[in-house]
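Data first, discussion second: the structure below is written as structure tokens.
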Amino acid sequence: MQVTRILAVRHGETAWNRDTRIQGHTDIELNDHGRWQANQLAHALVEEPIAAFYASDLSRARETAEAVARRHGARVQIHTGLRERSFGHFEGQTWAELESRHPEEALAWRKRVPDFAPPGGETLLQLRERVVGTVEQLAARHPGEQVLLVAHGGVLDILYRAATRLELQAPRSWELPNTAINRLLWSPEGLSLVGWADTGHLQTHEEGQTLDERSA
């Protein structure tokens, strides 16, 4: 049985990441540091055989993927199924503002209640169904090959949980750094984890900051 190798990457940093402002489906472009991260990622993956390049349609993910694809003379294929979780009316607020204005909702979010949805947004259950279904669909196109998927913190969190068979409410003990290289395998039996949060390509100029899906 042939497997599909997956390079799963979170987009580069944005101004809203820096401000800990909730992005969700709001389309925020990379900041200068995020573009530097994307270029470092492209350099790190230049020798990797990559059969296809996929990204969320949000510009922060698309820009990151395009930096890598250019080095390979390839084009990025856009898929809305790789979008960040929708945070509805909470988008644009900082985490501190959310806790102050909506303490009950903030607590449900922090506790990772699976069926909790921000007003106008998605539940974790809906996010998992969308993300896992999308990644399985894309990976099934490339048996025996390697693909790049550039997405968001919430998406990467779901993929880690799916690959390690962890429940949605399990506390997170893994990092989700911007443009870290995460390696997964997919077969019809599901996802498995090979390596996670490789940031060696960022060590010359990285601040070691981890921004999770609350500001993705």
Checklist entry - open to solvent by less than 60 Å² (accessible area, probe 1.4 Å), touching a Lys or Arg at 6+ places or on another chain (Cβ under 9 Å) and farther than 16 Å from residue 148 by Cα - does that describe any residue in the stretch 32-41? => result yes
Next on the checklist: Six or more apart or on different chains, Cβ atoms under 8 Å: show the pairs whose first residue is in the stretch 1-22 and more than 23 Å from residue 50 (Cβ to Cβ) and whose second is surrounded by fewer than 21 Cβ atoms within 10 Å (Cβ to Cβ) and among the β-branched types (Val, Ile, Thr).
Outcome noted: 14/28; 15/28; 16/26; 16/28; 19/94; 20/94; 21/94; 22/94
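Does residue 185 satisfy being open to solvent by 10 Å² or more (accessible area, probe 1.4 Å), at pLDDT 95 or above and among the aliphatic types (A, V, I, L, M)?
Yes, satisfied.
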Item to check | Which numbered condition residue 159 fails, given (1) aliphatic (A, V, I, L, M); (2) under 26 Å from residue 41 (Cα atoms); (3) open to solvent by 50 Å² or more (accessible area, probe 1.4 Å) | outcome: (3)
Checklist entry - Any idea which residue in the stretch 1-30 is farthest from residue 66 (Cα to Cα), counting only those that are out of contact with any Gly (no Cβ under 8 Å at 6 or more places or on another chain) and part of a loop (DSSP other than H, G, I, E, B)? => result 1
Item to check | In the stretch 63-88, the residues that are open to solvent by 10 Å² or more (accessible area, probe 1.4 Å), part of a helix (DSSP H, G or I), more than 30 Å from residue 102 (Cβ to Cβ) and touching a residue at least 40 places away in the same chain (Cβ under 8 Å) | outcome: 63
Checklist entry - Got at least one residue in the stretch 113-133 being of a type in the set (Val, Ile, Thr) and closer than 21 Å to residue 189 by Cβ? => result yes
Next on the checklist: Cβ-Cβ distance below 7 Å, separation of 6 or more or different chains: which pairs start in the stretch 170-190 with a residue that is closer than 19 Å to residue 110 by Cα and of a type in the set (D, E, K, R) and end on one that is crowded, with 23+ Cβ neighbours inside 10 Å and modelled with pLDDT of 95 or more?
Outcome noted: 172/157
Checklist outcome for this item: Picked from the stretch 1-31 (must be among the acidic types (Asp, Glu) and touching a strand residue (DSSP E or B) at 6+ places or on another chain (Cβ under 9 Å)), the residue surrounded by the fewest Cβ atoms within 10 Å (Cβ to Cβ) is 19
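The values are calculated or read from the model by the stated rules, or taken from the named source; none is laboratory data. Just so you know, these numbers come straight off a predicted model, no measurement behind them. Ideal geometry is used to build each Cβ from the backbone, glycine not excepted, and the neighbour counts take in all protein chains shown. The protein model used for the area step is the full one, side chains on, heavy atoms only, and it has no ligands, DNA or RNA in it. Shrake-Rupley method; radii C 1.70, N 1.55, O 1.52, S 1.80 Å.
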